[in-house]
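Peer 1: There's a structure below that I have some questions on.
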Amino acid sequence: MLAQKPADLWRLLPAAVTMAARGVGLLTRLPLCSQRRSRVPHSISRHLSCPGTRVASVGSEEQPSGGAETGTEDKTLQKKFSEVQKERREQAQRTVLIHCPNNINEKKFLKYLSQHGSISNHFFYESFGLYAVVEFCQKDSINSLQNGTHTPTQSTEAAIPFKSRFLNLKLKNPSNQVSGQSFVQADSQSPPSSKKLFELLSYAESIDAQLTALLKAFQLTEENVRLRHLTCSLIEDIAAAYFPSCVVWPFGSSVNTFGKLGCDLDMFLDLDETGNLSDHKNTGNFLMEFQVKNVPSERVATQKILSVIGECLDNFGPGCVGVQKILNARCPLVRFSHQGSGFQCDLTANNSIALKSSELLYIYGSLDSRVRALVFGVRCWARAHSLTSSIPGAWITNFSLTMMVIFFLQRRSPPILPTLDSLKSMADAEDRCILEGNNCTFIQDINKIKPSGNTETLELLLKEFFEYFGNFAFNKNSINIRQGREQNKPDSSPLYIQNPFETSLNISKNVSQNQLQKFVELARDSAWILEQEKKDQPSSSSHPWGLAALLLPPGAGQTSLSRKKKKKPMSEKVKGLLASIKSNSPDRSTDASGKRAVSTQA
């Protein structure tokens with residue numbers, strides 16, 4: 001079938017493979033005869049059940065399921081963010097990570113481990129070798145396994161005898177493993193290849209289906225979520241040597257429902273017990289307190305704690321490599337790579353507001369199935385055009401893009417998402433939360449929030465997102481999801497997006513004027529491409545279409561209609577086309593040439 005494609009499209013295909021950013025490539029559409037909805041195989045893990053243990057399905061809590069066409073689907077009761085986090089942590093505490101030989105026999109492996117207790121769940125994956133994640137039904141099984149494990153002896157080096165839940169399995173008689181029985185199959189923990197993504201979008205029947213396919217292909221799998229919580233639990237074991245009651249929580253993309261396969265793992269070292277003092281009942285006339293060291297400020301305390309934990313990770317932490325202590329940043333952190341899981345990790349302390357922000361995004365991502373599909377589509381588009389980067393700089397961040405999508409969905413009629421102030425007004429006394437002097441209160445029970453009656457398609461929302469921000473008055477207005485309306489900017493930053501909780505901060509303060517202007521121009525181009533798709537794209541055309549057309553470099557996927565106007569610069573051409581699209585609205589302001597007057601200066 002591909003041989004029937006026009007020759008010029010073949011020239012686009014190499015770019016589709018080589019220009020991919022983190023697995024997101026450039027795409028073209030297959031001929032009509034092959035445009036059938038494809039079935040995407042999910043990674044399959046092997047489960048062994050035990051009484052009283054619930055095995056979560058792929059993406060159950062972290063990645064809400066459902067279609068992405070409207071927000072009116074029947075919804076089952078959803079757990080609170082705190083409930084999900086606690087369940088995942090308890091699950092991780094019953095789990096071990098084992099580095100296995102490549103020729104391991106799965107049945108014999110499980111039989112060997114079952115000596116220590118019933119196994120609830122297990123799966124294999126490849127990182128720096130073959131690894132197994134094994135969850136036992138009872139936590140006591142971990143102790144039994146560790147008691148039967150020895151510290152390796154080295155001929156030329158000395159081993160530090162740290163007994164963690166990160167283990168290494170060796171075969172006593174490797175030849176006995178080759179017995180004709182099936183060997184393990186490793187699950188993928190990486191995003192799909194450019195070729196695979198090309199196929200997914202090519203076979204989609206509509207832009208809505210493309211966005212849904214993109215979401216399913218890039219979202220965190222159930223196995224990946226389990227591995228992230230296990231990694232946090234392994235780091236918690238190390239920190240607990242100094243702080244026995246500490247908790248290491250994952251936050252950010254790993255838990256807020258917007259995480260993509262391959263994203264970093266952000267961790268929060270929770271040591272704060274002062275908020276629980278009121279729970280301790282005074283008996284008699286005495287109050288017992290611990291003797292502690294005093295330091296000048298909370299920031300200094302955080303730096304000292306992270307410095308010590310960083311040394312422990314570097315010297316004693318199995319699989320922790322490349323440890324960097326970045327203690328003078330606005331939010332001090334320890335950065336390292338965890339070889340077993342393959343994650344790049346950032347460990348912070350005294351950062352409870354970041355965990356609360358993750359909970360807020362978890363709620364927004366769970367309220368309507370279109371939210372995550374639209375966010376993933378916009379992020380993919382931004383990455384394909386180098387609007388975002390994994391390297392810190394003047395680029396727009398994924399967090400800022402997510403805030404922009406949420407704000408846009410709050411502005412729909414009727415709104416698809418409620419404002420943060422609305423969520424605050426629904427809160428009960430148990431939802432009240434004050435962190436570092438900031439009011440972080442909002443309702444935590446998703447099931448008490450009324451679903452939106454908005455039934456707009458993803459295709460319409462994507463087009464109008466680009467149109468909305470392609471004509472947004474960034475020069476004078478800010479974005480504020482607390483109130484869901486445009487407000488005057490408090491300073492001259494090119495892009496001003498108010499921090500939801502620390503309201504005096506601008507989360508996009510790093511964005512330069514040039515990067516904002518690039519975003520505006522690309523948004524206008526994309527709105528025009530989608531409008532032309534609706535008007536002129538014949539159903540049998542083999543030109544790049546829909547989301548695929550948006551991922552092409554400027555000019556590569558334009559129709560013959562657009563090529564006739566090469567004399568005009570791209571930005572001027574798009575301004576004129578957008579003005580003609582909106583010419584039916586009598587209340588639009590126009591300039592002397594009849595074009596819509598749009599301000600892009602910040």
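The values are calculated or read from the model by the stated rules, or taken from the named source; none is laboratory data. No experiment lies behind these values; they were computed from the predicted model shown. Because the Cβ atoms are built from the backbone with ideal geometry, glycine has one as well, and the counts that use them run over all protein chains shown. Note: areas computed on protein heavy atoms with side chains; ligands, DNA, RNA excluded. Shrake-Rupley method; radii C 1.70, N 1.55, O 1.52, S 1.80 Å.
Peer 1: Using only the alpha-carbon atoms, what does the range 351-501 span along each of its principal axes? Please give whole angstrom values in decreasing order.
Peer 2: Extents along the principal axes: 44, 36, 29 Å.
Peer 1: Please go through the residue pairs K111/K196; K107/K139; K448/K489 and name each one whose alpha carbons sit more than 30 Å apart in this structure.
Peer 2: Over 30 Å Cα-Cα: K111/K196; K448/K489.
Peer 1: Subtract the Cα-Cα distance of A186 and A240 from 0.36 nm times their separation in residues, and report this length gain in nm to one decimal.
Peer 2: 16.3 nm
Peer 1: Also: Run the numbers for T503 and S164: contour at 0.36 nm per residue of separation, minus the present Cα-Cα distance, in nm.
Peer 2: In short, 117.9 nm is gained.
Peer 1: Give me the three principal axis extents of the range 298-439 from the C-alpha atoms, as integers in angstrom, largest value leading.
Peer 2: Principal-axis extents of the Cα atoms in the range 298-439, largest first: 56, 43, 29 Å.
Peer 1: Then there is this: Could you look at the range 238-393 and say what percent of its accessible area is carbon and sulfur, using a 1.4 Å probe and all protein chains?
Peer 2: Heavy-atom surface of the range 238-393 belonging to carbon and sulfur, 1.4 Å probe: 53 percent.
Peer 1: Could you work out the local net charge near G342, counting Lys and Arg as +1, Asp and Glu as -1, over the other residues with Cβ closer than 12 Å to its Cβ?
Peer 2: That sum, taken over residues with Cβ under 12 Å, equals -1.
Peer 1: Given 0.36 nm per residue, what is the gain on full extension from K172 to K107 after removing their alpha carbon distance, in nm?
Peer 2: Once the chain is fully extended between K172 and K107, it gains 21.8 nm.
Peer 1: Please list the equivalent ellipsoid semi-axes of the range 270-379, computed as the square roots of five times the alpha-carbon gyration tensor eigenvalues, in descending order and whole angstrom.
Peer 2: Equivalent-ellipsoid dimensions as semi-axes: 32, 25, 13 Å.
Peer 1: Here's something else I'd like to know. Between S193 and K79, take the C-beta separation as r, use R0 = 22 Å, and let me know the FRET efficiency to the nearest 0.05.
Peer 2: E between S193 and K79, to the nearest 0.05, is 0.05.
Peer 1: Suppose the Debye formula is applied to equal point scatterers at every Cα of the range 420-537; what is log10 I(q)/I(0) at q = 0.18, 0.20, 0.22 Å⁻¹?
Peer 2: For the range 420-537, the Cα-only Debye profile gives -1.06, -1.13, -1.18.
Peer 1: Write down the accessible area per residue of the range 368-411 in Å², having rolled a 1.4 Å probe over the full set of protein chains.
Peer 2: Per residue, the range 368-411 has 25 Å² of solvent-accessible surface.
Peer 1: Work through the residues other than N103 whose Cβ is under 15 Å from its Cβ and net out their charges, Lys, Arg +1 and Asp, Glu -1.
Peer 2: So the environment of N103 carries a net charge of +2.
Peer 1: Let me make sure I get this right: for the range 77-152, a, b and c are the square roots of the gyration tensor eigenvalues over alpha carbons, sorted descending. Under 1.5 in a/c it's rounded, otherwise prolate if a/b > b/c, else oblate. Which is it?
Peer 2: Prolate is the answer for the range 77-152, as a/c is 1.5 or above and a/b outweighs b/c.
Peer 1: Apply 1/(1 + (r/R0)^6) to the Cβ-Cβ distance of E87 and Q138, taking R0 = 22 Å, and write down the FRET efficiency to the nearest 0.05.
Peer 2: It comes to 0.90.
Peer 1: Taking the Cβ-Cβ separation of T149 and S492 as r and a Förster radius of 56 Å, what is the calculated FRET efficiency to the nearest 0.05?
Peer 2: So the FRET efficiency works out to roughly 0.40.
Peer 1: Magnitude of the Cβ-charge dipole of the range 284-330, K/R +1 and D/E -1, about the Cα centre, nearest 20 debye?
Peer 2: 180 debye
Peer 1: Compute the accessible area per residue over the range 198-237, keeping the other protein chains in place, probe 1.4 Å, unit Å².
Peer 2: Counting only protein heavy atoms, the per-residue value for the range 198-237 is 19 Å².
Peer 1: On a 1.4 Å probe surface of the protein chains, which of T348, T151 comes out largest in accessible area, and what is the full order?
Peer 2: Largest to smallest exposure gives the sequence T151, T348.
Peer 1: With no solvent and one equal point scatterer per Cα, compute the Debye intensity ratio I(q)/I(0) for the range 387-441 at 0.15, 0.17, 0.26, 0.32 Å⁻¹ and report its log10, rounded to two decimals.
Peer 2: Log10 of I(q)/I(0), two decimals: -0.66, -0.77, -0.96, -1.13.
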